[in-house]
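The values are calculated or read from the model by the stated rules, or taken from the named source; none is laboratory data. Quick caveat: nothing in here was measured; it's all calculated off a predicted structure. Using ideal geometry, Cβ is built from the backbone for each residue, glycine included, and neighbour counts are taken over all protein chains shown. Areas reflect the complete protein model, heavy atoms only, side chains present, ligands, DNA and RNA absent. Shrake-Rupley method; radii C 1.70, N 1.55, O 1.52, S 1.80 Å.
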Amino acid sequence: MLAKIFESLYRKVFVNIVVKRASTLVYIEMYSKKAAVDNVQAEFETIKPDENMLDYITNYTKESPYSYISVLDMSSLQGALPTCSKNKLSYYYDLSNCEYKCYNGKWTYYTAKPELYEIEKTYKEIGVDFIFSPFVVLANFFKDKIDGKLALYALVQDSFISIAVFENGKLLYAEHLDMQTSNDADDILLSHDIEEEELNLESDAGIDLEDIDVDDESSELEDFSDIEDLDSIEEIEEFDDSKDIEEELLESQDAIEESTEEEGSFNEDYQRFSLIQTSIAHYYKDERYESAFLENMYIADGVGVTKDLKKYLEEEMFLNVYIRKTEIDAEVCELAKEELGL
């Protein structure tokens, strides 16, 4: 009784950490008397806690003895299996070096032990109360859908895509896709192609630059050494207003940056499409899983994908694609509150 009274005197502080490709999102929510009363968010240009991040977090956690640190599991070696039966788990995957947990008595999610230990080590200064699987985030986010008809679901993060097939609340298939691993493989293939082209060029019996004689007398280049006064040329315009030049340069630079960003988004969404396409092929071909023809796909978009991803999936895979925006850090917070029965 006294513990309940003491607890009611303080707000609960939920610190939720989501590591991206080159930065870390920290979402903090203050919770009091069955409702959130305030929240803040910050992004740090580091993938491991530094002094600034730790100071930011402790500035809030020191205000209450009821603080909870949650981390989204960003391990590359993780996944989910369509059973909770220990006798059947090994049929799908060898979990001897993994930590795993049953979800609502229906399916199992797992992570390699070394990667979990690395997370705990990384945040040892502030401690970790909860490590949440992206598959749990995905299932919770689409809890209004997964109990229905057969469909493919995806949680799109900065570096990973978590894929799951559900039918009537039953998990049929899941796969955790690593964007970085796929990107490295693409770089290797591209490097190989470039080397082949260079070899072809070297072996090609084409023009040898050493055999070319340059005739200086036939050069049509004009010699400007005799021009004494350039000011006498009326056609040359003087640009007195350097501000106009600066504005033009800035506009040009903005256009280049915008074009580069669009190209980067295009490349990443095509990479996501390729990974999803391969995963669907695994689902259809792997005899361990109950496969059926997929018609609908639901995407939890945590990064801001472009319309190209939807276009690829619909035109190439003939899927009906529905995209929902999500704030993954806030979803992690919801899971932490559920764990505490709030």
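Annotations
- Heavy-atom accessible surface of the stretch 295-342, averaged per residue, reaches 51 Å², computed with a 1.4 Å probe.
- With 0.36 nm allotted per residue and the present C-alpha distance subtracted, the R324-Q180 stretch has 49.5 nm of extension available.
- Extending 7 Å from the Cα toward the beta-carbon at both S8 and N59 defines two label points whose distance is 3.2 nm.
- Separation of the alpha carbons by more than 25 angstrom is noted, of K62/K113; K88/K337; K33/K113; K12/K145; K145/K337; K12/K113, for K62/K113; K88/K337; K33/K113; K12/K145; K12/K113.
- Across the stretch 13-86, C-alpha contacts under 8 Å between residues 6 or more apart give a mean separation that, scaled by the residue count, equals a relative contact order of 34 percent.
- Taking all protein chains into account, the per residue accessible area for the stretch 1-71 stands at 58 Å² (1.4 Å probe).
- Other residues with beta-carbon under 14 Å from the beta-carbon of E295 carry, at +1 per Lys or Arg and -1 per Asp or Glu, a net charge of 0.
- For the stretch 278-342, the list of trypsin sites (Lys or Arg not before Pro) that fall in a loop by DSSP and count at most 15 other C-beta atoms within 10 angstrom reads R288.
- Take the Cα of S85, step 7 Å toward its Cβ, do the same at E120, and the gap between the two points is 3.1 nm.
- Percent carbon-and-sulfur accessible area, the stretch 1-71, ignoring ligands, DNA and RNA, probe 1.4 Å: 53
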